[in-house]
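Chemist: My structure is below; once you've seen it, I'll send some questions.
The values are calculated or read from the model by the stated rules, or taken from the named source; none is laboratory data. It should be emphasised that the depicted structure is a prediction, and the values quoted were computed from it without experimental measurement. A quick note on method: Cβ atoms are made from the backbone with ideal geometry, for glycine too, and the neighbour counts reach across all protein chains shown.
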Amino acid sequence: MLPGLRLDRACQDQWRGSIKHLRPNRASDALALIRGAHANDESCAARARDLAFKRAPHGFAQHRSTATLLRRLWLATMAVALIGPATASAQDRLPDLAMATLKDFTIERTATGRKLLRYTATVVNVGAGRFQVEGSRASTAESEMSVVQRISNDAGGSSRRPTDARMYFAGDGHNHWHVRDLEQSSLDRLDNGVKVGSGAKHGFCFFDNVAFRLSLAGAPPNPFYTTCGTTGTVLSQTMGLSTGWGDAYYYYLVDQWVDITTVGPGRYRLSTTADPQNWFLESSEANNATWAELQLKKSGSPRVVRYGPPA
Ligand SMILES: [Ca+2]
Ligand SMILES: [Ca+2]
Ligand SMILES: [Zn+2]
């Protein structure tokens, strides 16, 4: 069996386009595809060879120079057939975003007379797999990057999944990359549910900076993701949260508040939701929000009445 042969969804994504353009029995098409496959991920190469061979078996036979290749193709095809069922059942290891208990509620009165409810929110990954997003753009003429989610599986492979999420650089006085609206907060009246405010923060630069639950299977003992990228000119940027790790936005950070200038004393619920637009695939989409019920006073810090479910 050839080493490293594996089928996964990433391969299919990677080669679907090329394979579609393969003309039956055109060895040149198939050879071009195979050469490309060799230059890429070996695990995907087997898949590509297999499909190329199926489309152009006679074409190959006409090429004397491809005799060796043909033998390899047979091996690859057999190997794929042999290990196909096992690897086809490779299970995705999905991340699971959730919010840790909200804390550090404080009131800021600004020089311009505004009243801001500040708080610390921590997004965590409690899933079996890492949460990884990959931004990319064609050139620096594009100010934003489109974002794919990379999903790992238990066979050691991974696949890429397109999303509607966007990445952008700076914008909040920070020279780093942000994923827009990874979290969203809402302040609602407790008695009638009417929304009275929302979180001001829209840009999220995240990485492993809070050890949240390292007892989870697959949680690395040390941070794996350590930056969200500080170079504005790059064409691609990866961000992520490992299993068991979290990323905290502390109450004193830029935009980490809800404006309550016109909100009177009383009871309110502050809710924060991870991935509110559901751009990212997770093992559970039902645990993404947490909340705290607060007694807002005329003056002084808010009192926490009770907490919603933590991650
Ligand atoms: Ca979740
Ligand atoms: Ca989601
Ligand atoms: Zn920032």
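Chemist: I'd like the full set of residues that are within 23 Å of Val148 (Cα to Cα) and either in contact with a strand residue (DSSP E or B) (Cβ under 6 Å, 6 or more places away or on another chain) or within 16 Å of ligand 3 (Cβ to nearest atom) (or both), limited to the stretch 256-280.
Modeler: Thr273, Ala274, Asp275, Pro276, Trp279, Phe280
Chemist: Search the stretch 175-185 for residues being in contact with a Ser or Thr (Cβ under 9 Å, 6 or more places away or on another chain) and in a loop (DSSP other than H, G, I, E, B), and hand back the single one that is farthest from ligand 2 (Cβ to nearest atom).
Modeler: Selected residue: Asn175.
Chemist: Mind checking whether some residue in the stretch 251-270 is within 16 Å of ligand 2 (Cβ to nearest atom) and within 24 Å of His178 (Cβ to Cβ)?
Modeler: Checking the stretch 251-270: not a single residue is within 16 Å of ligand 2 (Cβ to nearest atom) and within 24 Å of His178 (Cβ to Cβ).
Chemist: Ok, one more. Just wondering, is there one or more residues in the stretch 241-255 that are over 20 Å from Thr122 (Cα atoms) and within 16 Å of ligand 3 (Cβ to nearest atom)?
Modeler: There is no residue in the stretch 241-255 that is over 20 Å from Thr122 (Cα atoms) and within 16 Å of ligand 3 (Cβ to nearest atom).
Chemist: Confirm whether Gly232 is of a type in the set (Gly, Ala, Ser), more than 16 Å from ligand 3 (Cβ to nearest atom) and assigned by TED's automatic domain parsing to the domain that holds Arg130.
Modeler: Spelling it out, it is not the case that Gly232 is of a type in the set (Gly, Ala, Ser), more than 16 Å from ligand 3 (Cβ to nearest atom) and assigned by TED's automatic domain parsing to the domain that holds Arg130.
Chemist: Return the residues of the stretch 270-309 that are part of a loop (DSSP other than H, G, I, E, B), surrounded by 15 or more Cβ atoms within 10 Å (Cβ to Cβ), of a type outside the set (D, E, K, R) and within 16 Å of ligand 1 (Cβ to nearest atom); say none if nothing qualifies.
Modeler: Pro276, Trp279, Phe280, Leu281, Ser283, Asn287, Asn288, Gly308
Chemist: Answer with yes or no whether Gly246 is at pLDDT 95 or above and under 24 Å from His178 (Cα atoms).
Modeler: yes
Chemist: Quick check: anything in the stretch 191-212 in the same structural domain as Gly129 (by TED's automatic domain parsing), without any contact (Cβ under 8 Å) to a residue 12 or more places away in the chain and not in a loop (DSSP other than H, G, I, E, B)?
Modeler: yes
Chemist: I would also like to ask the following. Restrict the check to the stretch 242-254 and report whether at least one residue is touching a strand residue (DSSP E or B) at 6+ places or on another chain (Cβ under 8 Å) and exposed (fewer than 15 other Cβ atoms within 10 Å of the Cβ).
Modeler: Within the stretch 242-254, one or more residues are touching a strand residue (DSSP E or B) at 6+ places or on another chain (Cβ under 8 Å) and exposed (fewer than 15 other Cβ atoms within 10 Å of the Cβ).
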